[in-house]
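One structure is given here, and the rest of the page talks about it.
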Amino acid sequence: HCWKHGGHGTQTFLQVTENSCNPGFVVMGQKVGKEKLMEYIANFGFGKKTGIELPGETKGSVKTTSDKLWSGRSKPTISIGQEISVSAIQMVQALTSFTNDGTPVKLSLISHIDDKSGNTTYKHQIQYLDPIISPSTAKYMLSCMETTAKKGTGTRALLGDVSIGVKTGTAQMLDPEKGGYSTEDFISNCVAVFPIDNPQIILYIVITKAKGETYAGRIVAPVIGEAADVT
């Protein structure tokens with residue numbers, strides 16, 4: 001079901017993104033072969049560790065089309081962000097492909113290392129990974145995120161004089177006791193890129209098990225806006 005009662009009607013890709021419309025993403029997912037869909041998910045780095053300098057990094061959970069848990073509803077469900085789990089680090093690294101003409105950047109926490117005398121013994125050099133999408137596609141995705149911020153589900157993240165692009169997402173969490181998805185617990189998240197015309201910063205904020213309001217555009221986008229303004 002779409003979050004909007006009565007649905008949005010016929011939409012372009014831009015409008016589907018702007019409105020965060022699940023039925024639209026399902027239709028798009030159905031137009032892509034399941035092998036191709038999962039290939040792109042892997043190319044974006046989901047299902048494997050980024051290799052960032054942190055202990056205990058998770059690789060998330062991404063099934064394959066030959067997995068025994070793969071079903072006829074897996075492809076449309078994955079198209080709206082369920083039946084899959086990813087880390088915040090993976091999400092940010094995937095977004096760097098939008099900000100670097102389709103080529104993601106390997107993430108690092110280390111800028112430089114100095115010895116006890118203050119001499120720099122190591123300075124981080126940017127490492128680019130394999131290109132995933134074309135520069136034109138990356139630019140178009142950023143434009144979709146900018147439209148989402150200007151008049152879609154991310155308007156509460158808008159900055160006054162700095163262009164920003166956002167994408168919101170609200171997903172049901174698994175119910176470990178009853179099985180399946182919970183009707184009460186949600187993951188509400190929002191990612192932002194700014195300035196949109198010369199991306200420098202990516203922010204990703206997640207709120208889990210929010211009480212009362214759960215839509216990310218209402219509870220996470222404002223936090224993104226405040227954090228971005230401070231940044």
Compute the acute angle (0 to 90°) between the alpha-carbon long axis of helix 88-99 and the principal axis of greatest extent of the alpha-carbon atoms of the chain; round to the nearest 10°.
-> 80
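How about segment 116-204: which GluC sites (Glu not before Pro) there are in a DSSP loop, with at most 12 other Cβ atoms within 10 Å of their Cβ?
On the way: sites: Glu146, Glu177, Glu184; in loops: Glu177.
In loop regions of segment 116-204 (DSSP not H, G, I, E or B), the sparsely surrounded GluC sites (Glu not before Pro) are Glu177.
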Taking Cα pairs closer than 8 Å and at least 6 residues apart, the relative contact order of the chain in percent is 15
Using the alpha-carbon atoms, what tilt in degrees (0 to 90, nearest 10) does helix 34-43 show relative to the longest principal axis of the chain?
-> 20
Distance from segment 146-202 to segment 46-64 (C-alpha centre basis), Å = 21
Order these peptides, 135-143, 160-168, by their mean beta-carbon neighbour count within 10 angstrom, highest first.
-> 160-168, 135-143
Name the lysines eligible as straight-distance cross-link partners of Lys48: C-alpha to C-alpha under 16 Å, and not fewer than 8 places from it in the same chain.
-> Lys59, Lys63, Lys106
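At 222 nm, what helix-only mean residue ellipticity would the chain give, in deg cm²/dmol to the nearest 500, using -39500 (n - 2.57) for each DSSP H run of four or more?
Working: 8 runs with 75 residues, N = 231.
Dividing the helical sum by the residues of the chain leaves -9500 deg cm²/dmol.
Just reorder His112, His1, His124 by solvent-accessible area, largest first, 1.4 Å probe, all chains present. Display every interim value, and only then the final one.
Numbers: His112 95, His1 215, His124 55 Å².
Of His112, His1, His124, the descending order of accessible area is His1, His112, His124.
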Could you please put Leu54, Leu95 in sequence from largest to smallest accessible area, using a 1.4 Å probe?
-> Leu54, Leu95
In debye to the nearest 20, how big a dipole does the chain give about its Cα centre with +1 on each Lys and Arg Cβ and -1 on each Asp and Glu Cβ?
-> 600
Segment 141-198, relative contact order in percent, only Cα pairs under 8 angstrom and at least six apart counted = 33
Could I have the simple spin-label model distance between Leu69 and Gln125, label points 7 Å from Cα toward Cβ, reported in nm to one decimal?
-> 4.1
Kindly report, to the nearest 10 Å², the accessible surface of Ile113 as traced by a 1.4 Å probe over protein heavy atoms only.
-> 80
When volume of the Cα convex hull per residue in Å³ is calculated directly from the model, which label among [x] 177; [y] 166; [z] 109 fits?
-> [y]
Given the pairs Lys68/Lys139; Lys75/Lys139; Lys36/Lys178; Lys4/Lys75; Lys75/Lys167; Lys68/Lys211, which span a C-alpha to C-alpha distance of over 29 angstrom in this model?
-> Lys68/Lys139; Lys36/Lys178; Lys68/Lys211
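The values are calculated or read from the model by the stated rules, or taken from the named source; none is laboratory data. Quick caveat: nothing in here was measured; it's all calculated off a predicted structure. When we count neighbours, we look across all protein chains shown, and the Cβ atoms used for this are built from the backbone with ideal geometry, even at glycine. Ligands, DNA and RNA are stripped out before the accessible areas are found, and what is left, the full protein with its side chains, is counted by its heavy atoms. Shrake-Rupley method; radii C 1.70, N 1.55, O 1.52, S 1.80 Å.
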